[in-house]
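Report on the structure given below.
The values are calculated or read from the model by the stated rules, or taken from the named source; none is laboratory data. Not measured: the values here are computed from a predicted model. Backbone-built Cβ (ideal geometry, glycine too); neighbour counts: all protein chains shown.
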Amino acid sequence: MKRRIRTAFVRSAVRGSLVPLALCATVSVASGAPDDDHARYAPATKSLTTAASTSPTLRADVTVRGVVTDTKGEALPGVNVVLKGTTRGVTTDAQGQFTLNVPEEGSTLVFSFIGFQTQELPASSTARMSIKLAADEKALDEVVVVGYGTQSRATVTGAVSSVKSEDILRTPAVAATSALVGRVPGITARQPDARPGAGSTIQIRNLGDPLYVIDGIVSDVGQFNNLGIADIENVSILKDASAAIYGLRAANGVVLVTTKRGKTGQKPTISISGYYGLQNFTKYPHPANAYQHQRALVESEQNLAQQARRAPNVVNDPVSGAPLTAAELEKWRAGTENGYKSYDYYKMVMRPNVPQYYANASLSGGTDNVTYYLSGTHLSQEALIKDFHFKRTNLQSNIEARVTPRLKIGTQISARYEDRFQAGVPGLDDYFNPFLSIFSMWPTERPYANDNPKYINQTHNVNVNPATYDKDITGPIQEDWRAAKANLFAEYSFDFGLTARATGSYNYTNFNFDGFEYTYNAYQYDAAKDTYFTQPGWGNQNPWRETRRRNILDRFGQLQLTYNKQFGDHGVAAVAAYERYDTDDRNSVIHTVPPNNTIPIQLFASQDYLADDRSERARAGYIGRVNYNYKQKYLLEVLGRYDGSWLFAPGKRYGFFPAASVGWRLTEEPFLKGSSVLSELKLRGSYGRTGLDDYGNNNFVVAPYSYVPGYDFPSGSAIFNGNYVFGVRPRGLPITTLSWVTNISSNVGVDFGFLNGKISGQFDVFERRRKGLPAAQYDILLPSEVGYGLPQANLNSDATRGLEGLITYSNQAGGLTYTVSANATLARRRDLQQYKPRFGNSINEYRNSFVNRWGDINWGYQVIGQFQSEQQIADYTVNNDGQGNRTQLPGDFIYKDVNNDGLINGLDERPIGYIEGAPPLFNYAFNTTLGYKGFTLSFDIVGASMQTFRREVEMRIPFQNNGTSPDYIFEDRWHHADPYNSDSPWIPGKYPPIRRDAAGHANYNNRNDFWVTNVRYLRLRNLEVGYNLPKPVLSKVGVSACRVYVNATNLYVLTNIKDLDTDPEISSNGGLVYPPQRLFNAGFAISF
């Protein structure tokens, strides 16, 4: 009898599992009905009940199933479901579902979750229970994703911030990193290069590049940036010792990303959204016009002659060769005669109002046993440069199926295609060359001979002539990224609070580069003969053809046990896991000289370069974490990871990285509970250890396989007997003692809330101390005959210290709802210890010591004024230029003689700036949302300071690279009233007198605080006005929701470098980089 019952149950279970499994593989998952799914399990339940009834002494438990959500229908994982008066209970899974055996129908179940009001309901086995928990206005109701699980915001003891989907979508970001800017404290950001498809450079507390984990799988910033923005459900930021659970890769913090899922019991929902916008640069310096350029040539000769105490030479027009007399200069000023036209190469290179558009369609829903989310996204961003663009298409499929009441399987499958196209101008970074041409071209020379677009003009530097920036002239460069990723998991929930989960992931990424630079001729025009002519060597006669193929395989496997149980007032949760990860990266490059512009085939005979390389990496780790709370008031978390890296020698690959954090919710104490003013107060602290073996971009602490002795091949070469032979070279001493950098993180924080949660916030003080930074032991020498030195050792140390905070105010008045939030982060590195520092004298120690001093200090001269007259120069007693001031003119910089020795030299340099090129040390933001009767207004303001921008080359030196300069350098300068009369009075200006080919002059070759600026800015990053159409109107046409909006991004910026016409986020000291764009767009979101 028992065997027949068991067989019937198995058959029924198999039948019940086939349908969900089939649904996992098809889009038709939406057709399932809850009642049908429940009925599939009914025969087995009935048979078991019959078996139980054959024994008068046994009474079968009743099986209760259900789902717990919040009032918005969002699933609540981790809810305690307990049989009242007992310790029997379970917790809901990631989809809010639970299964519990109770003694009888109608038994009282208690549903409790921190941040929500507790409910008691009678158990029912006749229908699936659906419980909605209302948020407790006096508690923190947010569910936060943490490493290897989720927690209620109220029980989190680490420094964890999160960003929800609606906040991510508020900015029409091309890359996901840009969507995080200004959203939460702890994120420091900068966008130094904003070319199409590029994201922002973000760090957590200025610690370095963080680790990215997407749906539980270790990923990289490229995978994160190229997710479909609409597919992201939330992002959590682990900023302190809570990141230690990721071991060797968590030194710089962790970004946890969760993509969207369907919801149990959700009817099929189709959502469509999109926008269309127009882009322009926020700021970019404009080049001098033809008159400014010619006048500057004349002034330069006048100034150089006066400096050399000689008469000025005649200045000839560099294009026509004609002398630049006063009459000629006047013709250039008027610009009306033939041959005196000014060419604006900024306008020629850059197009205004270029499009950016986005579209997304998704299908989501769920039955009792299957949930699904399917999405497709397309993004297109044109560049302001003709024939340059970025396009990306994303597909996402997240499906989960409950095979049996306790067994669940699922998959997250994603794919993307990235299309980057550009014209093949000289050089492989073809965004740089167009910007270079703006200042390398003279505004007096034509892009086309005789202005005839059929003939490219042979200019003084034809390789930067924008007339060639056309894919049909110079050739194309096509870059394609194709990626496909599949995550598979199976999860089994036991009835005593334990869940076992196995996860596997396989990611394949392919990169194809196809470049072809054509030959082309350039011409000049003979006006006398009315003909165009060319010469050998004109134009581009150096073609190339290059292909690159790169294939990357990422494999990941994980076994995880999760335990969650409530024992009266005691809550216990635990995680134990093992995971391993490896990558196989193969790359090949073939470079040839093509025979013509037509045949793309790469022949062996025309090959001039071949490269083929392969790299591998592998990691494994054992993970453990235990959480305990008493009455949800006293909180404790202890975790650790035993982590290994392939970089180190066998036997030395693994390290243990522990952490602990505690919390105390004072508002749960009798003396504060029920307070009408203080609704939340939690003190928390954490301390933990992480590792670091990669500084970022494969900059490893120790090179792979350095522990292996032997020889490097190929290394060097020689000719033997007429044959070319590759050589080998001894590798040197095996590196077996150098290990990872150890990071000690400590954090003290407070979470608070007032007035029933209307005011909430957090404040943290933190330090990340690094020990064992690699350094050379300069005092231990090997004989030079050995051929190599000692390897580095773990010797130095530093610390990043800072503070961060967040405060939010939410309320409503009548029909108006509003939320105002502000956050800020200050974080800076301090060098602590340097291996046996040595200095020749005290000033050398002051200038070069790294011991107990803030890092990334910018040193230079202090400009205390400008010479006002030649007499002042003659009377000046300080040797300002190192040449007795014989090169000085009125308007030149006067440097501070700090040590009063009468000579300006390196002894007078002092700290004048902060770090260059990296995220600012201080970031802050203000976020505001208002809503009234379907209308919404939201705006985000971000700001930063304590970052340094140093001007060089085009933005500093007149006529750099035999080109021109920004118009303000040639306009707002010290100069004689008459450029042809050296006795005419000097007219003051901001910039020194113009000198051509004078990069070595004291004005330009000394780093000083005129050219080095500590940048501050406040940017209106996002402004959006939206309207939600009334639901009664929409329901008549079968639409559940519809929203329309207009949006502006990077609308305005206040900055102290406004006069430079440069965006404050760029880092290129010549300004030759693609700056952030101002985007105006209109969009919609509609659901059915």
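When the residues of segment 659-673 are narrowed to those that are surrounded by fewer than 16 Cβ atoms within 10 Å (Cβ to Cβ) and in contact with a helix residue (DSSP H, G or I) (Cβ under 9 Å, 6 or more places away or on another chain), which ends up nearest to Ser152 (Cα to Cα)? In this case the residue turns out to be Lys673. Counting the residues of segment 600-632 that are in contact with a Gly (Cβ under 9 Å, 6 or more places away or on another chain) and either modelled with pLDDT of 95 or more or polar (S, T, N, Q) (or both) gives 12. Of all residues in segment 342-358, none are farther than 30 Å from Val464 by Cβ and among the aliphatic types (A, V, I, L, M). For segment 1016-1031, the count of residues that are crowded, with 20+ Cβ neighbours inside 10 Å and in contact with an Asp or Glu (Cβ under 7 Å, 6 or more places away or on another chain) is nonzero. Arg768 meets the conditions (1) out of contact with any Asp or Glu (no Cβ under 8 Å at 6 or more places or on another chain); (2) not in a strand (DSSP E or B) in every case but one. The failed one is (2). May I ask you to list the residues in segment 159-170 that are among the hydroxyl-bearing types (Ser, Thr, Tyr) and crowded, with 22+ Cβ neighbours inside 10 Å? Matches in segment 159-170: Ser161 only.
Listed conditions (1) assigned to a loop (DSSP other than H, G, I, E, B); (2) without any contact (Cβ under 8 Å) to a residue 40 or more places away in the chain; (3) buried (at least 17 other Cβ atoms within 10 Å of the Cβ) are all met by Leu1034, apart from (1). Restricting to strands (runs of 3 or more DSSP E) lying wholly in segment 214-326: which have 2 or more residues that are closer than 30 Å to Thr800 by Cβ and not assigned by TED's automatic domain parsing to the domain that holds Phe98? Because the criterion is at least 2 residues that are closer than 30 Å to Thr800 by Cβ and not assigned by TED's automatic domain parsing to the domain that holds Phe98, the strands (runs of 3 or more DSSP E) in segment 214-326 that meet it are 217-219, 232-238, 254-259. Where residues in segment 533-551 are more than 20 Å from Gln602 (Cα to Cα) and surrounded by fewer than 18 Cβ atoms within 10 Å (Cβ to Cβ), which of them is nearest to the chain's Cα centre (by Cα)? If we take residues in segment 533-551 being more than 20 Å from Gln602 (Cα to Cα) and surrounded by fewer than 18 Cβ atoms within 10 Å (Cβ to Cβ), then Asn551 is nearest to the chain's Cα centre (by Cα).
Of the residues examined, Pro791 is one that is of a type outside the set (Gly, Ala, Ser) and either in contact with a Lys or Arg (Cβ under 8 Å, 6 or more places away or on another chain) or buried (at least 17 other Cβ atoms within 10 Å of the Cβ) (or both). Would you call Tyr1074 farther than 23 Å from Asn885 by Cα, of a type outside the set (A, V, I, L, M, F, W, C) and in a strand (DSSP E or B)? Judged against the criteria, Tyr1074 is not a match.
When segment 853-882 is filtered for residues that are modelled with pLDDT under 95, assigned to a loop (DSSP other than H, G, I, E, B) and either polar (S, T, N, Q) or touching a Cys at 6+ places or on another chain (Cβ under 9 Å) (or both), nothing remains.
Taking segment 102-141 as the search range and keeping residues that are buried (at least 16 other Cβ atoms within 10 Å of the Cβ), at pLDDT 75 or above and touching a helix residue (DSSP H, G or I) at 6+ places or on another chain (Cβ under 9 Å), which one is nearest to Gly66 (Cα to Cα)? Going through the qualifying residues, I end up with Arg128.
Yes/no per residue for (1) in contact (Cβ under 8 Å) with a residue 60 or more places away in the chain; (2) surrounded by fewer than 17 Cβ atoms within 10 Å (Cβ to Cβ); (3) not in a loop (DSSP other than H, G, I, E, B):
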{"residue": "Asp779", "(1), (2), (3)": "no, yes, no"}
{"residue": "Glu785", "(1), (2), (3)": "no, yes, yes"}
{"residue": "Thr800", "(1), (2), (3)": "yes, no, yes"}
{"residue": "Ala822", "(1), (2), (3)": "yes, no, yes"}
{"residue": "Thr825", "(1), (2), (3)": "yes, no, yes"}
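Being within 23 Å of the chain's Cα centre (by Cα) and not charged (D, E, K, R): is that true of Val1046 here? So Val1046 fails the test. Each residue in segment 580-622 was checked for being assigned to a loop (DSSP other than H, G, I, E, B) and exposed (fewer than 15 other Cβ atoms within 10 Å of the Cβ), and 7 of them qualify. Apart from one condition, Pro476 fits all of (1) closer than 26 Å to Asn280 by Cβ; (2) surrounded by 21 or more Cβ atoms within 10 Å (Cβ to Cβ); (3) more than 26 Å from the chain's Cα centre (by Cα); (4) of a type outside the set (Lys, Arg); the exception is (2).
Residue-by-condition table, conditions (1) outside any strand (DSSP E or B); (2) under 30 Å from Ala813 (Cβ atoms):
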residue	(1), (2)
Ile912	no, no
Pro919	yes, no
Asp940	no, yes
Ala999	yes, no
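In segment 249-297, the qualifying residues are those that are among the hydrophobic types (A, V, I, L, M, F, W, C) and out of contact with any Leu (no Cβ under 9 Å at 6 or more places or on another chain), and the one that is farthest from Phe439 (Cα to Cα) is Ile272. Pairing residues of segment 1059-1088 that are without any contact (Cβ under 8 Å) to a residue 60 or more places away in the chain with residues that are outside any loop (DSSP other than H, G, I, E, B), at Cβ distances under 7 Å and at least 6 apart in sequence or on separate chains, gives no pairs at all. Of the candidates Ala522, Ala577, the single residue that is closer than 30 Å to Thr91 by Cα, aliphatic (A, V, I, L, M) and surrounded by 15 or more Cβ atoms within 10 Å (Cβ to Cβ) is Ala577.
Of all the listed residues (Arg689, Arg641, Arg653), the sole one being free of Cβ contacts under 8 Å to residues at least 24 places away in the same chain, surrounded by 13 or more Cβ atoms within 10 Å (Cβ to Cβ) and either touching a Pro at 6+ places or on another chain (Cβ under 8 Å) or under 23 Å from Pro774 (Cβ atoms) (or both) is Arg653.
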